[in-house]
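Accompanying notes for the structure given below.
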Amino acid sequence: PAVWVAIEKPELQQAGGTRVTVSDCHFHVGPGQQALGVLWAEVTRICRNHVLPLGGASAGRIGYYVQGVAGGVLQVQDNVLRGVAAGMELLLAAVGETGAAPAAGGRIGVEGNRIELDMSGWPPQLERRVFEPHAISVRGVRTATVSASQVVAVAEEADKLKVVAISLFGNWGLQLLVRDNFFSGCPVGVELKPAGSTKYYVWAFQCNLAVVGKTNVLSLPPAE
């Protein structure tokens with residue numbers, strides 16, 4: 001990655017209180033490269049950054065991968081990512097785990113981002129972890145908001161790879177709000193794949209829009 005931040009000392013991971021802020025940066029990423037990775041911070045803020053392609057086709061450029069600690073806070077706001085095949089993957093988990101189980105607490109907020117996908121070079125021809133093409137992926141957490149973000153893709157590429165603009169999967173807690181997002185070119189706007197259930201919750205999907213076409217704005221699991 002162009003920038004990699006990891007809280008590696010076990011005592012710091014367990015003690016909490018670690019904060020990482022990445023703001024007002026310009027990342028120029030080449031074929032198969034990732035712009036930003038952050039691991040094991042209790043509070044992570046990624047705001048007002050630009051990710052731009054460094055010449056040529058996409059060739060699998062990746063935006064952000066952020067894995068915070070269980071019970072932490074992750075905020076991704078007002079970023080612009082252009083020419084990426086995978087935009088951002090966000091989760092909170094127990095240290096050393098990457099499963100879909102929710103944090104005991106924790107909050108993820110994604111707001112006001114613009115992501116322009118380019119899958120022309122997918123998959124990347126490198127020995128590394130391969131992300132599925134997407135714009136925003138958020139794993140289960142107690143409280144999450146995904147709002148006011150724009151996703152733009154070339155319809156032919158996105159249809160071929162069955163790209164989901166906003167992917168939500170795992171166990172969800174008390175509150176999940178997905179609203180005021182805009183999609184262009186992706187066959188699926190928002191896809192919710194919950195694992196398990198919670199007794200009391202507010203899950204709201206409001207005012208998400210797509211350019212006229214074949215886009216399925218909201219994909220929900222079949223009713224039981």
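The values are calculated or read from the model by the stated rules, or taken from the named source; none is laboratory data. Because the structure is a prediction, the values reported are computed rather than measured. Please note: Cβ atoms are built from the backbone with ideal geometry, for glycine as well, and neighbour counts cover all protein chains shown. Ligands, DNA and RNA are stripped out before the accessible areas are found, and what is left, the full protein with its side chains, is counted by its heavy atoms. Shrake-Rupley method; radii C 1.70, N 1.55, O 1.52, S 1.80 Å.
Neighbours of residue 145, meaning other residues whose beta-carbon lies under 11 angstrom from its beta-carbon, give a summed charge of 0 when Lys and Arg score +1 and Asp and Glu score -1.
Label separation (residue 25 vs residue 200): 4.1 nm, computed from points 7 Å beyond Cα along the C-beta direction. Derived from the Cα gyration tensor, the three semi-axes of the equivalent ellipsoid of the chain are 25, 23, 15 Å, largest first.
Each Lys or Arg adds one and each Asp or Glu takes one away; over the other residues whose Cβ falls under 13 Å from the Cβ of residue 217, this sums to 0. Amide H to amide H distances under 5 Å link residue 5 with 37, 38, 39, where only residues 5 or more positions off or on other chains count and H is placed in the peptide plane. Our helix-only sum for the chain, with -39,500 (n - 2.57) per DSSP H run of n ≥ 4 divided by its residues, gives a mean residue ellipticity at 222 nm of -1500 deg cm²/dmol.
Pairs of Lys residues in the chain, spaced 8 or more positions apart or belonging to different chains, with C-alpha separations under 29 angstrom: 5 in total.
Here residue 216 and residue 54 are evaluated by their C-beta separation; at R0 = 22 Å the FRET efficiency comes out at 0.10. Taking the accessible area of region 19-68, probe 1.4 Å, and keeping the other protein chains in place, the carbon and sulfur fraction comes to 53%.
Write down the accessible area per residue of the chain in Å², having rolled a 1.4 Å probe over the full set of protein chains.
47 Å²
In percent, rounded to a whole number, the relative contact order of the chain is 14, using alpha-carbon pairs under 8 Å and six or more apart.
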